[in-house]
Structure formats: structure tokens, C-alpha cells
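Here is the structure we will look at.
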Amino acid sequence: MTKYLPLLLLFGVFACQQPKEEMKTKITQDPHSFAKPNEAIVKHLSWDAVVDFENKQIQATATFDIETSEGAKELILDTKALSIESVTADGEPAEYSLGEYVEHLGKPLVIKISSETKKVAVTYTSSPEAEALQWLSPQQTDGKELPFLFTQSQAILARSWIPLQDSPGIRFTYDAKVKVPQGMLALMSAENPTEMNDEGVYTFKMEQPIPAYLMALSAGDLKFQSLGARSGVYAEPGVLESAAFEFEDTEAMIEAAEKLYGPYAWDRYDLLVLPPSFPFGGMENPRLTFATPTILAGDKSLVALVAHELAHSWSGNLVTNATWDDFWLNEGFTVYFENRIMESLYGREYSEMLAQLSLQDLRIEVDEMLAGEHPEDTKLKLDLKGRNPDDGVSSIAYDKGYEFLRLLEETVGREAFDVFLKEYFTKNAFKTMTTEAFVEYMKTNLLDKNGVEVSSEFYNEWIYGQGLPDNAPVPSSNKFAIVEDVLAKWKTGESIDQLIVKDNDWNTHQWLHFLRNLPETMTVEQMTTLDDYLGFTASGNSEITHDWLRHVVKNSYEPGYDKLESFLVNVGRRKFLTPLYQDMMDAGKTDMAMEIYTKARPNYHFVSVNSVDKIVGWE
Ligand SMILES: [Zn+2]
């Protein structure tokens, strides 16, 4: 509670200074932003930037078109570790001040304006430690010759490289001019170039309004390959071909998505494959999904991630959670939509395997969270005031959100649910949604409209209650039943080579189901037999490798240790890191965890470092 106190005081001070006039649309006050959008709001950003790899800094001028309410006196922007050089309002030097630093949030940049002010320009430099920016050395890239930069702005890190009203409830359009060193291509969440030029100067345009967390930039030795009429992939030259093969079905995914829930609103859909230190599987930056190379499995078996990021073009980017407490509105809808795209392309059996794996993850995480420090985080509607909004990134928003929407589908029937969702995305396009507003919308447009009577308990329990309700839908898969049968027999002592043939036709998801349902404790002999026959340690599939390495750690299977280290040093995807480091700590392998982390930590983005530091007790 003490952490939150300074924030309250700060908001209190600003609030007193500004008696509010009535605004056209009242914007919900976001606990993770200093901005007072109801007084003065950014509508457009013109960003003119130079990317300085040597000093790991961005020098830029951000010029804002603003709209003010009557009597407006201040424009408040969020910043984190930015050095402000100068500020102008309509071309004249403006008075400004940086407020007190607040943990997680940074500092408010308070700029004096009047209700007549139209344009505000801020010239500034980002810090080499800017949390959104990851500067990679040539050694950390595939080509090993040029450095590389990428941003990760979600949830509230955009403010570490651009002063912005950094709240998902505030949308603006932007254009940009970015200078990068020769031999590099720069890309943004915008209309992008497809070829390098000699000057290293690139221009960008994003004509659809987006919230700050969708601001994105990357620069490096990047090439483009077209995938279809409105899709393509960018990657380092050495990765481009395998990426283009892996993402071959992208155009078909866009078509499937449009058929389900209406036209794609962002013109093009391209993918950018980043070096392996990218902390997430993917980030739904509009027009240009940022993706981890760990989904390049060589057999398209992990492309559900593309369906997920594409689905965000509707859920999240088009209809956006109003605050990070409503994060499930972004992610739950996206997992549901992802699942439907996968079903359209690869069949129900396939999507049911995905759903079952996600339910398994969810059950484990719910149990852990209920026993942990914040059992209230198992509610769909979160309360993250005074905390890092990144704490809300758990299976709850994603998989509990999915389960709830699937339950709604099963309750009203698929046809009615699809009509509802399509309308939801159309009516609320380029708007924000709170959980409370969604509940009202759902009551009227889904339940009442279809004459479905349920008590309010039915949805309140899911949204405002802890844990996973008993009526959670259970997906079923015949292919998983085969795996379960093999496991049951293996557990009674039958040998693995009698139960399955080598190089059988199991797909990646079946192997994951197999690995996740092996006993927690196995003898080294059992591990050796499985590994010799099925080749888990040698697998090139990142998901299989990760699940196998968990057994390697728990059962002290030494032949897997080299792979464990190389995997953790090379890959920075947080989803893979946290379980493996946690397993090492739980197994008393503190020295091992520290030794590997010391080598690996410089390769990780802030988002991953922040999580793993806590697990291993890094100081
Ligand atoms: Zn997502």
C-alpha cells in the first residue's frame, strides 16, 4: 500500500489544479498513466528520430497535435528516464517540469499550454537503459556483422523511448522519419519500406489511431519477402527463407479471420522475425507483428502464434482494453479467435489439442497462484493499481479468458456467438472497452438478444471471482487419447520401443502432451531410455526442448545439461525462461541457475530480466 501513496498524492495535486469542463468523450483514468486526457489529449504524433547505436540512445523530436478542453492549462505526458532538451507550444518555448519519480510509472512531463494550443513539440534523448529498447551486439544476431535494435512497449514501456500519453485508452495516429546507420533497414508499426536505402533514412505513416503500447521500432540487417497479396515477412537474410516457409499459410489465416469476424482493418499484415532474445512469442504491433524465431520449427507446427498475433488485429488493436486491469479483454478474446482460425485452417481435432494444452497450463497456474502472494490475480478483472501491470500477464487473461468465451459460445450456440462477436468488433472498432462495459454489452447483445436466461452469478463468478469455476469447458482430442494410452502402459512398466514406433506420425502437440504428462520424478535410466529412443535432447523444436529440459532439471539428467545451458543463453523468450529457472531453484540447483543466468542475463530484454531476477534473487 505504501508504494501507491505517492501516486495518489500526485494525482491529487494535479486534480486540484484543474476543474474539469465537460468533454465530448470522458476517458477512464488509467492508474498506470499520469496523463489527463480529459484536459488535453494527443491526437497525432510526428516523430523525427536518429538511432544512435554507439551510445545506445535515440535522439528525437516528438511533435504532437493536441485537442484541449475549455480552460485547459497543462498537457501531461508519461516519461521514463528521458532527458528532455526543450519543449515548445505552437512554436514558442513552453514552460515544463518533470514531476516526482513513481515506481513502475516514471515521471510526468507537465507542459504549460492554453486551451488555444494546437501543437506541442518535445526534443529529448532516451537513456541507454531505456526499458523498451533492446540493443543487440552483432554477436547476438544471426548475421554477426551489424548490431540490431528492437522495442517492446507493452505494457507501459513506450514512455521510455517516446514521451506519450501512455495509456491503452488513448489513441493517436502517427508519422515518423527515422535515421539509422547505413546498411540497416528500419521498421515500425506502420506503413513500412521493403528495401534498404543508402541514406539510412526511412519514413513511416500510421493512419489508423493506435494506443501508445503499440508503438514499435526495429532496425538491423533486414530483408523482405512477400507471402501474398497483403502479407510478407522481414528477417535477417540468413533466416528469411525458413521464415517465409514457416509462415506460408499467413494469407489463408487472414482470409479465415475475415470470414469469421469481418474485414481486416490495417491494410497489410507483415511479420518481423527478431533475434532470439525477444522476450515474447509475438507482439501484435499493428501492420507488423514482431515474432520470436523460436517458432521456426521447420514444420509449421508452432504457427498458432501467427494466428494469435493476427487475431489481435481485431481483439486488442481494434477493440482495446481500457486499462491493464481489463487485459483479459485483449488476450482472452485473442486466444478464442486464434483457436477459431486454427480450427478453420487445420480442423477441430487440431484446435482441440491446442485448447487442451492451454487448459492444462491454466489449471497448474491457477493452483500456484491461489497458493501464492496474489490469489486475487486469478480474477479476470484485475486490480493492478500501484503494481507493475506486467504482473497481469498470466494464463488467467489468456486461458481463463478463453475458457469463459468458450463457455459463452457453448451456452448460446456457435452461430449466435459468431454474430455477436462480429458485431462487437465492428461496433467498437478503434474504441476501448472496460470489463464493466463489456458485461453490459454482453447481457444486452448476447444473452437477452438470444433469449438465454442465466443468473448474474454465471458470469460474475468467472469475471470477478477467483480460480477456475467448475463449469469450465473441457476440450477433447482423440490424438491426445492415443498419447494417454501409451503413457498409461509405459507407467506400468512396458518399454517405450514396444509402445510406439520410432519416427511415428505424432505431431508436436502430441509430443508436448506426452512430455507434460510424464511423471514428475523419473530415474536416470528411464530418462536415458526415453532420450535414446525418442531423441528429446537433440530436438530442434523449442517447445519440445523446453518441456524436456524441465524433466532434465527435475531429475538431474546430466546428458541434458549442455542443451539446458545453450538454450537458456540463446533464447530470451520469457515463457521458456521462468519455468526452467524456477525448476532449478526448486530443485536446489541454485549454483547452476546462477552460473547460467550470469552468462545469459546480458542477452535478455528488460521484461525477461525483470522476471528472472525475482526468481533467482539476483542483486
Ligand atoms: Zn496476445
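All of the numbers you see were taken from the coordinates with simple rules; none came from a lab. No experiment lies behind these values; they were computed from the predicted model shown. Methodologically, a virtual Cβ is constructed for each residue, glycine included, from the backbone with ideal geometry; neighbour enumeration extends over all protein chains shown.
What FRET efficiency, computed as 1/(1 + (r/R0)^6) with R0 = 56 Å and r the Cβ-Cβ distance, is obtained for Thr203 and Glu457, rounded to the nearest 0.05? Given R0 = 56 Å and the Cβ-Cβ separation, E is 0.55.
Note on Lys144: lysines with a C-alpha under 24 Å away, same-chain residues under 8 apart excluded, are Lys56, Lys179, Lys223, Lys563, Lys599. Relative to the Cα centre, the charge distribution of the chain, modelled as +1 at Lys and Arg Cβ and -1 at Asp and Glu Cβ, gives a dipole magnitude of about 1000 debye. For region 419-486, GluC sites (Glu not before Pro) are listed when DSSP marks them as loop and at most 11 other Cβ atoms sit within 10 Å of their Cβ; the list is Glu453. Phi-derived couplings, Karplus 6.51 cos²θ - 1.76 cosθ + 1.60 at θ = phi - 60°, listed residue by residue for region 372-379: x, 6, 10, x, 5, 6, 8, 7 Hz, with x used for Gly and Pro. By the beta-carbon count within 10 Å of each Cβ, the least crowded to most crowded order of Trp490, Trp135, fewest first, is Trp135, Trp490. All C-alpha to C-alpha distances of region 480-616, sorted into 10 Å bins beginning at zero, yield P(r) values of 11, 42, 30, 14, 2 percent in whole numbers.
Overall size of the chain from C-alpha positions, given as principal axis extents largest first: 81, 63, 52 Å. Among the GluC sites (Glu not before Pro) in region 224-331, those located in a DSSP loop and surrounded by at most 16 other Cβ atoms within 10 Å of their own Cβ are Glu248. Among the helices of the chain, those built from whole DSSP H runs whose Cα atoms reach 27 Å or more along their own axis and whose mean Kyte-Doolittle hydropathy is at least -1.0 are 327-346, 348-370.
In this calculation the C-beta distance from Thr444 to Lys73 is compared with R0 = 41 Å, giving a FRET efficiency of 0.55. Given the C-alpha centroids of region 519-582 and region 351-369, what is the distance between them in whole angstrom? If you average the Cα positions of each part, the centres end up 20 Å apart.
Projected onto its three principal axes, the C-alpha set of region 319-464 covers 41, 34, 31 Å, listed from the longest axis down. In terms of other Cβ atoms within 10 Å, Phe327, Phe172, Phe148 run from fewest to most in the order Phe172, Phe148, Phe327. Summary value for the chain: 10 percent relative contact order, contacts being C-alpha pairs under 8 angstrom separated by 6+ residues. Cross-link reach is defined here as a Cα-Cα straight distance under 28 Å, omitting same-chain residues fewer than 8 places apart; for Lys73 the lysines meeting it are Lys20, Lys24, Lys26, Lys36, Lys43, Lys107, Lys112, Lys118, Lys119, Lys385, Lys431. Ignoring aspartates and glutamates fewer than eight residues from Lys177 along the same chain, the ones with Cα atoms less than 17 angstrom from its Cα are Asp48, Asp52, Asp65, Glu191, Glu195, Asp198, Glu199, Glu207.
Only beta bridges with both residues in the chain are counted; by DSSP, about 75 percent of them are antiparallel.
The distance separating the Cα centre of region 198-217 from that of region 256-300 comes to 17 Å.
For region 399-473, which chymotrypsin sites (Phe, Trp or Tyr not before Pro) are both in a DSSP coil and crowded by at most 11 other Cβ atoms within 10 Å? Here no loop site has a sparse enough neighbourhood. Among Val571, Val524, a tally of other beta-carbon atoms within 10 Å of each Cβ gives an order, fewest to most, of Val524, Val571. Taken along the Cα-to-beta-carbon direction at a fixed 7 Å, the label points for Leu370 and Ser127 span 4.0 nm.
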